[in-house]
Amino acid sequence: MSATAAEPAAAARPRTTLGRLERPALMGVLVREIINFSSFWKSSVFSSTVEPTIYLLAFGFGFGSLVSHVAGYDYVEFVGTGTVATAVLFSSVFSAMFGSFVKYQFQRTYDAILAAPVDTEELVTAESLWIAARAGVFGCAPLLVAMAFGLDPSWGMLLVPFIGFLTGYGWACFGIFIAARLNSIDHFSYVTSTVVTPMFLTAGTFFPISGLPEWAQVLAQFNPLYHCVQLVRGAAFGFQGWVDVYHVAALVVFAVAMWRLAIHYMGKKLID
């Protein structure tokens with residue numbers, strides 16, 4: 001094969017990394033996502049905010065009629081701050097898992113994007129940033145509902161979108177990682193049942209983890225949602241100093257680890 005014939009073939013292959021992230025490439029992917037989001041934003045906003053709000057109303061007023069206070073908080077306030085993490089989780093991990101799988105497996109969107117001067121690292125990063133930004137906004141919905149039912153607003157709540165963004169970025173990368181690892185969209189139910197649901201239920205959203213067995217309390221420290229819940233409650237009721245730094249550090253470690261795994265396995269998937 002001649003050199004001129006080999007050049008187009010080489011250019012068609014997705015580049016795994018450029019060694020650094022380029023802003024024009026990131027912006028190109030982000031702008032595409034924003035434009036595309038304008039065609040389905042109503043259904044996305046509805047599904048991402050209504051379901052956590054239903055959890056808030058059901059648990060807050062259902063159990064709230066039986067248990068008035070938990071861990072020193074009014075139960076509606078306790079659940080209202082906790083379901084922020086639920087909204088962040090639902091709006092990030094599922095969007096990333098199903099969206100990424102459809103884009104590379106059926107629509108071949110990623111192949112088209114990688115034909116431009118964009119590599120896998122920039123693609124995954126931009127996709128995760130966009131999903132995280134949405135998750136940070138959607139996560140505020142349960143908080144606003146809780147305010148309508150008695151939760152006192154505080155200046156610290158202005159940090160909730162940033163807490164949701166950091167948490168959502170980690171879960172978005174996790175979703176892309178899962179989409180790259182599994183070969184069938186039907187297999188996502190295994191991840192939902194064995195990973196997402198247990199983490200959702202043991203994050204301290206609906207009850208304090210102090211009521212769990214000691215081994216479960218230890219495992220909760222490895223649950224990113226638990227750290228998100230604690231930070232949101234800190235924003236609403238007052239931070240606790242270095243403990244909150246620990247929660248932020250845990251979310252950063254989770255986000256970075258999932259980011260690198262998502263880039264690695266999505267790169268392998270697109271090359272194959």
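The values are calculated or read from the model by the stated rules, or taken from the named source; none is laboratory data. Predicted model only: the values in this text are computed from it and were never measured. Cβ coordinates were reconstructed from backbone atoms using ideal geometry, including for glycine residues, and neighbour counts include every protein chain displayed. Keep in mind that these areas ignore ligands, DNA and RNA; they rest on the heavy atoms of the full protein, side chains included. Shrake-Rupley method; radii C 1.70, N 1.55, O 1.52, S 1.80 Å.
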Given the conditions (1) within 30 Å of THR120 (Cα to Cα); (2) at pLDDT below 95, every one holds for SER154 apart from (1)
Screening VAL232, VAL218, VAL191, VAL196 for residues that are of a type in the set (Val, Ile, Thr), free of Cβ contacts under 8 Å to residues at least 24 places away in the same chain and assigned to a helix (DSSP H, G or I) leaves only VAL218
Near pairs, Cβ below 9 angstrom, 6+ apart or cross-chain, from segment 33-51 (open to solvent by less than 60 Å² (accessible area, probe 1.4 Å)) to any residue that is outside any helix (DSSP H, G or I) and among the basic types (Lys, Arg):
none
Picked from segment 2-32 (must be modelled with pLDDT of 50 or more and in a loop (DSSP other than H, G, I, E, B)), the residue most open to solvent (accessible area, probe 1.4 Å) is ARG20
Name the pairs: first residue in segment 157-177 and in contact (Cβ under 8 Å) with a residue 40 or more places away in the chain and closer than 14 Å to ALA236 by Cα, second residue open to solvent by 40 Å² or more (accessible area, probe 1.4 Å) and part of a helix (DSSP H, G or I), Cβ to Cβ under 9 Å, at least 6 apart or on different chains?
MET157/MET147; ILE163/VAL248; GLY164/VAL137
Looking at segment 90-110, I want the residues that are without any contact (Cβ under 8 Å) to a residue 60 or more places away in the chain and have a partner that is of a type in the set (S, T, N, Q) with Cβ atoms under 7 Å, at least 6 apart or on another chain. Which pairs are those?
PHE90/SER48; LYS103/THR109
Would you check which residues across segment 231-248 are open to solvent by less than 50 Å² (accessible area, probe 1.4 Å) and either over 20 Å from PHE90 (Cα atoms) or of a type outside the set (A, V, I, L, M, F, W, C) (or both) and list them?
ARG233, GLY234, ALA235, ALA236, GLY238, GLY241, ASP244, HIS247
Evaluate segment 75-93: report whether one residue or more is open to solvent by 50 Å² or more (accessible area, probe 1.4 Å) and of a type outside the set (S, T, N, Q).
no
